[in-house]
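Below is one structure, written out as structure tokens; the observations come after it.
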């Protein structure tokens, strides 16, 4: 009986030893796998998305991200990130399995030394992976900004709700065209671009014959894309509200149907308060990235996305390509919507967003022509032709005389490989921008340094609206001689300030404490 109890005790001791060893090896394998995976992710993110700020990573972790392109990213992640850490981890598991078979023959002291070395190496691997990945997505800059807050809002921000607005007796219509990833880069060198051949001649013609605030200096056409405005919904926020889109790390319940930049006051709200009908047309699901929430909460926009188009019977219920449906259809639907809005008799704000030029490689529709030998260049040129034809159609309509058109790229393209040689040359990439048929002219012909946020007050002023401040939010009215923040601080410093945390932004813009 005593012998049995002793044997049982020995078995339990041996079993416990095996359990502890399994836990140790599992811990080592897990840390090695995660460390190697993070290193691969650190390589994959900039190659896939470009040099993105950490706030964009946070936003897309929290915002709705369903899209047809999500599957492509998942597939790319699996192919690029998983094989290397998986193979090395399996080799490590195999070595541990072999070691376990001979563990009884290895001296305890040697086993402890080997295991200690393995634990240290696995922790180092994991630590290096975290550090490398954090640097890759600019988390270090984000943390530094959190530790050293900016006072840019206290120093320069003008609350648009505190400003008085006066509209002309005959209110002008606004057509605002957001062009996905459209840059001045695509123009030829003679027109301020970086190309040997002009990929966007129609857009160049529109810019050269309309208002760009460049004072004839084509090298200064376009606007600088700021931190917090470098992806689609953030660009739309910046251009219509004059602020960046910064979401806190702990804001996992922030982006919702009733909660999106509660303290912002956008051009949509200003126009709605003055009798305008607001509409947003886009060829994808408006909930992607929270766009539906922003435009419904800030201007009560009528949302016409792919779901609404299907409900109207314009597309089959199972139709889906690229991000929803292609731009060639979008421009035809836009004509229908504009004709309907103009017939209503109310002033309107019609906003639309293209998608075919989204990275990677763009979407070649049935009207794309192979002019340049690579898909993205062809898609960019096709988009320019669509816009040129669309503007010509608008200018032939009865409502055009009392309508101002703003055309703006949303942000710089994230198609990283396409821009490698351009960025190596030191060329300054900027978003495309022009205003057609504004109600007023600038007070001077000075060449201005423009950033995303300046488009907000400038668009409002282009409608003939006057207001008792030359700045709204962080944006400057370019029709005045007030210096923009980019001109006061320099683009790099302005961008650095917007990357920093702001207590004012959190309280008054993000959460809207004290909003009227």
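Brief remarks on what is shown
- Residues in the stretch 490-512 that are buried (at least 19 other Cβ atoms within 10 Å of the Cβ) and not in a loop (DSSP other than H, G, I, E, B): 491, 494, 495, 497, 498, 499, 505, 508, 509, 510.
- A residue that is in a loop (DSSP other than H, G, I, E, B) and surrounded by 24 or more Cβ atoms within 10 Å (Cβ to Cβ) occurs somewhere in the stretch 265-274.
- Answer residue from the stretch 318-333, given it is in contact with a strand residue (DSSP E or B) (Cβ under 7 Å, 6 or more places away or on another chain) and more than 20 Å from residue 381 (Cβ to Cβ) and is modelled with the lowest pLDDT among those: 324
- Among the residues of the stretch 479-489, not one is over 27 Å from residue 247 (Cβ atoms), touching a strand residue (DSSP E or B) at 6+ places or on another chain (Cβ under 7 Å) and part of a helix (DSSP H, G or I).
- Criterion (without any contact (Cβ under 8 Å) to a residue 24 or more places away in the chain, more than 15 Å from residue 242 (Cα to Cα) and either more than 21 Å from the chain's Cα centre (by Cα) or part of a loop (DSSP other than H, G, I, E, B) (or both)) met by exactly one of 447, 421, 413: 421
- Hits in the stretch 309-323 (condition: within 28 Å of the chain's Cα centre (by Cα) and at positive phi): 322
- Criterion: closer than 27 Å to residue 166 by Cα and either assigned by TED's automatic domain parsing to the domain that holds residue 480 or in contact with a strand residue (DSSP E or B) (Cβ under 8 Å, 6 or more places away or on another chain) (or both) - qualifying residue of 360, 403, 354, 416: 403
- Verdict on residue 455 being outside the structural domain of residue 401 (by TED's automatic domain parsing), surrounded by 17 or more Cβ atoms within 10 Å (Cβ to Cβ) and under 14 Å from residue 242 (Cβ atoms): no
- Of the criteria (1) within 27 Å of the chain's Cα centre (by Cα); (2) farther than 25 Å from residue 195 by Cα; (3) not in a helix (DSSP H, G or I), which one residue 365 fails: (2)
- For the condition within 23 Å of residue 233 (Cβ to Cβ) and either without any contact (Cβ under 8 Å) to a residue 60 or more places away in the chain or in contact with a helix residue (DSSP H, G or I) (Cβ under 7 Å, 6 or more places away or on another chain) (or both), residue 491 does not qualify.
The values are calculated or read from the model by the stated rules, or taken from the named source; none is laboratory data. Remember, predicted model here, so these are calculated numbers, not experimental data. Counting neighbours? That spans all protein chains shown, and the Cβs are built from the backbone with ideal geometry, glycine included.
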